[in-house]
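Before any comments, here is the structure.
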Amino acid sequence: MSREVRGSLLGWPTTADGVAVVRPEIALLFKAKGPRFKDQRDFDRALPHLVRAACAWLASVLEQAHPGHAWRAGCELASWDWPMM
């Protein structure tokens with residue numbers, strides 16, 4: 001994976017106890033390396049719940065890390081109909 005794919009822990013979701021939780025788009029990026037049936041299922045289930053910015057980020061980093069990955073196209077198509085959140 002490219003060293004250019006970076007992010008900040010600021011703004012990450014947390015539990016009620018303050019423990020940081022991995023954002024869905026980041027988990028999907030790691031699952032994209034060698035997707036198994038369950039990873040594809042996770043992508044299919046998570047996609048409708050990602051906000052446009054998260055989906056755009058995932059599409060962008062998938063192109064960097066895994067050029068031509070099928071999930072990139074799925075993100076780009078789905079994000080057009082969603083409101084910016």
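The values are calculated or read from the model by the stated rules, or taken from the named source; none is laboratory data. This one's a predicted model, so the numbers in the text were calculated from it and none came from an experiment. Glycine also receives a Cβ, built like all others from the backbone with ideal geometry; neighbour counts cover every protein chain displayed.
Only one of the numbered conditions (1) farther than 18 Å from Ala78 by Cα; (2) touching a Lys or Arg at 6+ places or on another chain (Cβ under 9 Å) is violated by Gln40, and that is (1).
Set side by side, the residues Val21, Val61 differ, and just one is of a type in the set (A, V, I, L, M, F, W, C) and modelled with pLDDT under 90, which is Val21.
Selection of the stretch 56-76 for residues being buried (at least 16 other Cβ atoms within 10 Å of the Cβ) and not in a helix (DSSP H, G or I) yields His66, His69. Restricting the first member to the stretch 18-44 and to residues that are free of Cβ contacts under 8 Å to residues at least 24 places away in the same chain and surrounded by 10 or more Cβ atoms within 10 Å (Cβ to Cβ), and the second to residues that are aliphatic (A, V, I, L, M) and part of a loop (DSSP other than H, G, I, E, B), the beta-carbon pairs closer than 8 Å and six or more apart or on different chains are Ala20/Leu9; Asp39/Ala32.
If I filter the stretch 1-17 down to residues being in contact with a strand residue (DSSP E or B) (Cβ under 7 Å, 6 or more places away or on another chain) and at pLDDT below 80, which single residue comes out as surrounded by the most Cβ atoms within 10 Å (Cβ to Cβ)? So that I can check it myself, show each step before the final result.
In the first step, residues of the stretch 1-17 are kept if they are in contact with a strand residue (DSSP E or B) (Cβ under 7 Å, 6 or more places away or on another chain); the result is 9, 12, 14.
Subsequent filtering for residues that are at pLDDT below 80 retains 9, 12.
On the way: Leu9: 7, Trp12: 12.
The qualifying residue surrounded by the most Cβ atoms within 10 Å (Cβ to Cβ) is Trp12.
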